[in-house]
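Inspection log for the structure reproduced underneath, given as structure tokens.
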Amino acid sequence: MLSTIYRTRLFNLNTHNPDTAMDDYIEITGPGNQKDPNTINIPENIEGRPVRVISENAFKDDSRLIYLTINPSGSDDFFIEESAFEGCKNLRSITINSDPIYAFIRKYAFRNTGITILHLPSFVSSNWHFEDDVFEGSDLTKVWVESIYQYPNIGNNTFGDKIKDITCPY
């Protein structure tokens, strides 16, 4: 039985369809029974299976969420789907601890959140893809990009309309 810390689904890596016979990766579909609902720590794997997806609307409008830590597997692609954290008004902090092969952050993933500063560590580079309007309507005013070699792929209005400062090492 999978952990009850998060609601999850098993997916077949080849077909990307739910399939309990071929449970190659995990998709997080929402909060479960966290001891501290203010802090979400998305693990690299659950019961030996890689966490590859945070599903559409998974934590949408969860006003309890303040701190988010993401630990994507360095050997898999990773997806934060559309509106996964949209409306989390109290979300203040995102920590990214590792680098997947490719990362895809979908439209509205962090729309209308309370995030004010976003730090993109040096490993967040051209293998990361931020779609349009990821932070639309959020309180984001500053982005710090640490990479000195390759920048992430950033769509239109990715950081929203309140952005005042983007700092890069160049």
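A few notes on this one:
- Qualifying residue in region 53-61 (condition: small (Gly, Ala, Ser) and either closer than 22 Å to HIS119 by Cα or open to solvent by 30 Å² or more (accessible area, probe 1.4 Å) (or both)): no
- Once region 98-157 is narrowed to residues that are acidic (Asp, Glu) and over 16 Å from GLU86 (Cβ atoms), the residue that is farthest from the chain's Cα centre (by Cα) is GLU146.
- Test: residue in region 126-139 that is within 28 Å of ASP61 (Cβ to Cβ), at pLDDT 90 or above, out of contact with any Phe, Trp or Tyr (no Cβ under 6 Å at 6 or more places or on another chain) and outside any loop (DSSP other than H, G, I, E, B): yes
- Filter result for ILE115 (of a type in the set (Val, Ile, Thr), closer than 24 Å to ASN90 by Cβ, touching a Phe, Trp or Tyr at 6+ places or on another chain (Cβ under 9 Å) and in contact (Cβ under 8 Å) with a residue 24 or more places away in the chain): yes
- Residues satisfying the stated conditions in region 140-156, i.e. touching a Pro at 6+ places or on another chain (Cβ under 8 Å) and assigned to a loop (DSSP other than H, G, I, E, B): GLU146, SER147, ILE148
- Per the listing GLY160, GLY137, GLY155, the residue uniquely surrounded by 19 or more Cβ atoms within 10 Å (Cβ to Cβ) and of a type outside the set (Phe, Trp, Tyr) is GLY160.
- Of the candidates ILE94, ILE154, ILE80, ILE115, the single residue that is aliphatic (A, V, I, L, M) and more than 20 Å from ILE66 (Cβ to Cβ) is ILE154.
The values are calculated or read from the model by the stated rules, or taken from the named source; none is laboratory data. All values derive from a computational prediction rather than experimental measurement. All Cβ positions, glycine included, derive from the backbone under ideal geometry; neighbour counts span all protein chains shown. For the accessible areas, the whole protein counts, side chains as well, though only heavy atoms, and no ligand, DNA or RNA atoms are used. Shrake-Rupley method; radii C 1.70, N 1.55, O 1.52, S 1.80 Å.
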